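In what follows, a single structure is set out as structure tokens and then discussed.
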Amino acid sequence: DPLGDELELSALGVGRHRVIVAPVSDTTALNRATFPVPASVPYATLSPMTHTAEQLHALVAACEQFRGSKAPDGYRDGLALCVIDSVQSTGVTYSSVENVVARYRAYRRERSGDPNRDGVAELLGTVDELDGPDGWASRIGNSNRTSTRGGILKSEAIRDAACVLDAAGIRNTDLLRKVAEQDGAQLEQVRKAWCAVTGQRSGITWHYMLMLAGIEGVKPDRMICRFVADSLGLPRRSVTPPFAMEILTAAAKEMGMLPTDLDHGVWQFQRTRR
């Protein structure tokens, strides 16, 4: 099956939801302590995930303009919104993500729910109420797919990612932050399962979901990678997401900033450029 194996999660307490996952190797790329990435990810072994002192100095100089940047609060109490926003955000203009989030909020409020505090159980409940990912996409989401070739509806990926968290017992943001603080091994297992969902293997949506839940980090998407490349005078295609994540995190530490705040400043700057 080109979309991977179908994994039945009913035995893990996820009800009747079925998850489409892509095959992922258990081996990881270089510098796994910094940013574990399945070896099946194409960029994982293209370049070492280390930077020179000169590169860090140059990036810090380029980032001085973002000193004082402050990231939005995200959804510290709403894991459902963290999942929706992170999965919907790849490869699109952010206004389309905001529209999906607004429709989800409206749908839940129509049913006397509190979308800003919804966990994965409530999110999966909306998928059931709307007769699956297709219905969810029509009422709340959109027709966007995880990729143009062989991708699934993002609504399906949202359901599958929510199932991963639910199966791990991570049903709200408090539990997610607790696992992140106290159990790195469990968090890594959940990351692997999330990255096995079709279209999520780069780990970008995983890191963004953590950030939206209030866990510090960097989302090494195209905007961040382009900024790092341009700041260091490197070809854009030579800068990998792991390298961009590692050096921008180091730059934030050097500047005394939170990584999430620096990430936001860079992203807002780069989104207006090519």
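Got a sec? Which of 221, 263, 230 is charged (D, E, K, R) and farther than 16 Å from residue 90 by Cα?
230
Could you check, for segment 100-108, whether at least one of its residues is farther than 27 Å from residue 272 by Cβ, out of contact with any His (no Cβ under 9 Å at 6 or more places or on another chain) and among the aromatic types (Phe, Trp, Tyr)?
Yes: one or more hits.
Among the residues of segment 72-99, which ones are in contact with a His (Cβ under 9 Å, 6 or more places away or on another chain) and at pLDDT 95 or above?
Across segment 72-99, the qualifying residue is only 86.
Looking at segment 221-234, is at least one residue in contact with a Pro (Cβ under 7 Å, 6 or more places away or on another chain) and within 21 Å of residue 146 (Cα to Cα)?
Within segment 221-234 (the criterion being in contact with a Pro (Cβ under 7 Å, 6 or more places away or on another chain) and within 21 Å of residue 146 (Cα to Cα)), the answer is yes, since at least one residue qualifies.
Quick one: residue 251 ticks every box in (1) in the same structural domain as residue 84 (by TED's automatic domain parsing); (2) on the phi < 0 side of the Ramachandran plot bar one, so which box is it?
(1)
Name the helices (runs of 4 or more DSSP H) wholly inside segment 105-218 in which the number of residues that are in contact with a helix residue (DSSP H, G or I) (Cβ under 8 Å, 6 or more places away or on another chain), of a type in the set (Ser, Thr, Tyr) and closer than 15 Å to residue 77 by Cα is 1 or more.
Where helices (runs of 4 or more DSSP H) fall fully within segment 105-218 and carry at least 1 residues being in contact with a helix residue (DSSP H, G or I) (Cβ under 8 Å, 6 or more places away or on another chain), of a type in the set (Ser, Thr, Tyr) and closer than 15 Å to residue 77 by Cα, they are 173-182.
Among what's in segment 164-209 and is of a type in the set (Lys, Arg) and touching a Pro at 6+ places or on another chain (Cβ under 8 Å), pick the residue that is modelled with the lowest pLDDT.
My answer is 201.
More than 18 Å from residue 64 (Cα to Cα) and aliphatic (A, V, I, L, M) - does that describe any residue in segment 232-255?
Within segment 232-255 (the criterion being more than 18 Å from residue 64 (Cα to Cα) and aliphatic (A, V, I, L, M)), the answer is yes, since at least one residue qualifies.
Name the residue that is surrounded by the fewest Cβ atoms within 10 Å (Cβ to Cβ), counting only residues in segment 65-104 that are part of a helix (DSSP H, G or I) and hydroxyl-bearing (Ser, Thr, Tyr).
That would be 95.
The values are calculated or read from the model by the stated rules, or taken from the named source; none is laboratory data. Being a predicted model, the structure only gives us computed values, none of them experimental. Quick reminder, even Gly has a Cβ in these numbers, built from the backbone with ideal geometry, and neighbours come from all protein chains shown.
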